[in-house]
Amino acid sequence: MKDTNDHNNTTACDASRFALVELHLHVDGSLSADDVMWMAKEEGIDVPSSREELRQMLVCPDHCEDLNRYLHCFALPIAVMQQESTIAHSVESLVKRLDAMRLLYAELRFAPQQHQQKGLSQEAVVKAAITGLRSGLAECRNGFTANLIVSCMRGADNEEQNRETVRLAAKYLGEGVCGTDLAGAEALYPTERFRHLFAYAKSAGVPFTIHAGEAAGVESMRHAILFGTHRIGHGIRSHTEQEMKQMLIDNDVCITLCPSSNLQTKALSDVTQFSDYPLSTFFDDGVSVNISSDNMTVSDTSLRKELQRCFDAGILTPQQAERVVESAISHAFLSDGEKAVLRQKARERMKC
């Protein structure tokens, strides 16, 4: 591998070398304007004909107050994903775009229960997404592969829907689906309420990740770890919590940090720019970290952009970027054999 000690070396700090594995990426938050235009027509929904006007509806505003406001940006994407054809298209398009960006692997998440407004069963939604995944992968030319994570949703009265999501994750595990997740308004619906749901996932042999430590504190993360997760979506609230960091290390839990998203949702009220993002504290304390984009369209970003912004802000070194890639591979919902193949491909790419 090339010497990367010189942090001013532009080749060493070229994010494209390290933008290889994306573990935290929402399908609905990553639709392109062209996707939405086509899908809206299919769904019979009127949208602006101007891509710029449409983009303003899809991208989080600069004045975003918090996570709840950020989540408002998903109304239109979800509305245009209510038929099998549009669901399949959303996944297929994203897969092809990630391949064009020369990623090696990604896990794409979506919540089947959010796509039932026109009467589809959750199973029909999952099958449509798998169809889109397979169609997209069949057209990939740069060695990209992907799997789906079917997300449960935080809510007050959707326990049965969440159990159905986990059941489907188990049924289609290894057939395009690799795990399940818990997403939504973390502060309104505490993680501890979902203990039985993840006991069920664990008994069914379904790998899972949980959004925690984003809009709520480290207690949310503690429950996620006690449930048995080895990945936490965000986890940024633990940056000053040494006890929690040690718990992450002791339980081999990787946090998937999404800097742009965290800044937009005000996950840390005193952090307003990349240079202040507390990434280094996790590296310094030995926490396993992955950097992901969360929502490419809503956050107006990509994995390469996230890494480059971290490089440019002086909060990430090339050596740390290599650790980010390794953490992602180690904690991907893949078999040991698949990880070994992916690890070798990543090493070859990072030597370039």
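The single condition from (1) farther than 13 Å from Gln113 by Cα; (2) free of Cβ contacts under 8 Å to residues at least 24 places away in the same chain that Gly176 fails is (2). Whenever a residue of segment 256-274 is basic (Lys, Arg), its partners that are buried (at least 22 other Cβ atoms within 10 Å of the Cβ), lying with C-beta atoms within less than 8 angstrom and at least six residues away or across chains, give the pairs Lys266/Leu67. Looking across segment 249-281 at every residue that is small (Gly, Ala, Ser) and open to solvent by 30 Å² or more (accessible area, probe 1.4 Å), the one that is nearest to Ser327 (Cα to Cα) is identified as Ser280. Look at segment 35-60: where a residue is under 16 Å from Ala75 (Cα atoms) and a partner is surrounded by fewer than 16 Cβ atoms within 10 Å (Cβ to Cβ) and not β-branched (Val, Ile, Thr), sitting 6+ places away or on another chain with Cβ atoms under 6 Å, you get Leu54/Pro48; Val59/Asp300. Criterion first (aromatic (Phe, Trp, Tyr), over 24 Å from Ala216 (Cα atoms) and touching a residue at least 12 places away in the same chain (Cβ under 8 Å)) does Tyr105 satisfy it? Yes. A single member of Lys305, Lys345, Lys351 is touching a Leu at 6+ places or on another chain (Cβ under 6 Å) and open to solvent by 40 Å² or more (accessible area, probe 1.4 Å), and it is Lys345.
For Asp99, the requirement of being more than 21 Å from Gly233 (Cβ to Cβ) and touching a Cys at 6+ places or on another chain (Cβ under 6 Å) is met. The set of residues in segment 154-191 being more than 20 Å from Val27 (Cα to Cα), part of a loop (DSSP other than H, G, I, E, B) and hydroxyl-bearing (Ser, Thr, Tyr) consists of Tyr189 alone. Residues in segment 299-352 that are free of Cβ contacts under 8 Å to residues at least 24 places away in the same chain, of a type in the set (S, T, N, Q) and assigned to a helix (DSSP H, G or I): Gln344 alone.
Taken as a whole, segment 148-160 holds no residue that is of a type in the set (Val, Ile, Thr) and more than 23 Å from Val206 (Cβ to Cβ).
No other residue among Phe208, Phe227 is touching a Ser or Thr at 6+ places or on another chain (Cβ under 7 Å), within 18 Å of Ser151 (Cβ to Cβ) and among the hydrophobic types (A, V, I, L, M, F, W, C) apart from Phe208.
The values are calculated or read from the model by the stated rules, or taken from the named source; none is laboratory data. The shown structure was predicted, so the numbers you read here are calculated from the model rather than taken from an experiment. Reconstructed Cβ throughout: ideal geometry from the backbone, glycine too, with neighbour counts over all protein chains shown. These accessible areas exclude ligands, DNA and RNA; they are computed on the full protein's heavy atoms, side chains included. Shrake-Rupley method; radii C 1.70, N 1.55, O 1.52, S 1.80 Å.
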